[in-house]
Amino acid sequence: ESDAGDYTCVCGDKQSTASLAVHALPVLFKEELKNEEVQEGASVSLCCELTKAAPVQWKIGSKVLKASDKYQMRQPGTTAELVIHDLEVKDA
């Protein structure tokens, strides 16, 4: 999208200008989350891959998760990862 704008070709005192519009492709899941079964007290890593880098939000039900000692969120490039530490039965 940052390439959109007016482009001009100049030759001496003549010029030609065109406007370029760039339509963004939607962000899709290239690799979706997978179900996990983990022992109480352990940690788990949930990962998904997007078709392009974009901000994500992690939720459990309708509750938005925030980074803390329990929840660690990373997003290197197109991979979004949530690590949940010290799992409890109520984290299911």
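The values are calculated or read from the model by the stated rules, or taken from the named source; none is laboratory data. Computed from a prediction, not measured in an experiment: that's the story for all the values here. Positions of Cβ are backbone-derived with ideal geometry, glycine not excepted, and every protein chain shown enters the neighbour counts. Just so you know, the surface numbers come from the protein's heavy atoms only, side chains and all, with ligands and any DNA or RNA stripped out. Shrake-Rupley method; radii C 1.70, N 1.55, O 1.52, S 1.80 Å.
The Rg/Rh ratio of the chain, with Rg taken over Cα atoms and Rh as the Kirkwood radius over Cα pairs, comes to 1.31. If R0 equals 41 Å, the separation of the Cβ atoms of LEU20 and VAL83 corresponds to a calculated FRET efficiency of about 0.50.
Each Lys or Arg adds one and each Asp or Glu subtracts one; over the other residues with Cβ under 11 Å from the Cβ of THR79, this totals -1.
Within the shell defined by Cβ-Cβ distances under 13 Å, the residues around ALA67 carry a net charge of +1, with Lys and Arg each +1 and Asp and Glu each -1. Counting only aspartates and glutamates at least 8 places from LYS34 when in the same chain, those with an alpha carbon closer than 13 Å to its own are GLU49, GLU81.
Charging the Cβ of each Asp and Glu at -1 and of each Lys and Arg at +1, and nothing else, the dipole of the chain about its Cα centre rounds to 220 debye. Dividing the C-alpha radius of gyration of region 40-92 by 2.2 N^0.38 Å, with N its residue count, gives 1.17.
Each label point was placed 7 Å from the Cα along the Cα-to-Cβ direction; for CYS11 and GLN75 their separation is 4.6 nm. Counted by Cβ distance under 15 Å from GLU49, the other residues give a net charge of +1, where Lys and Arg count +1 and Asp and Glu count -1.
Computing the accessible area with a 1.4 Å probe over protein heavy atoms, can you report the carbon and sulfur percentage for region 29-84?
49
Think of a 1.4 Å ball rolled over the protein heavy atoms: the chain then has 81 Å² of accessible area per residue.
Can you compute the FRET efficiency between ASP3 and LYS30 using 1/(1 + (r/R0)^6), with r the Cβ-Cβ distance and R0 = 30 Å? Round to the nearest 0.05. Each step should come with its number before you reach the end.
Values: r = 23 Å, r/R0 = 0.77.
Step by step, r from the Cβ atoms, then E = 0.85.
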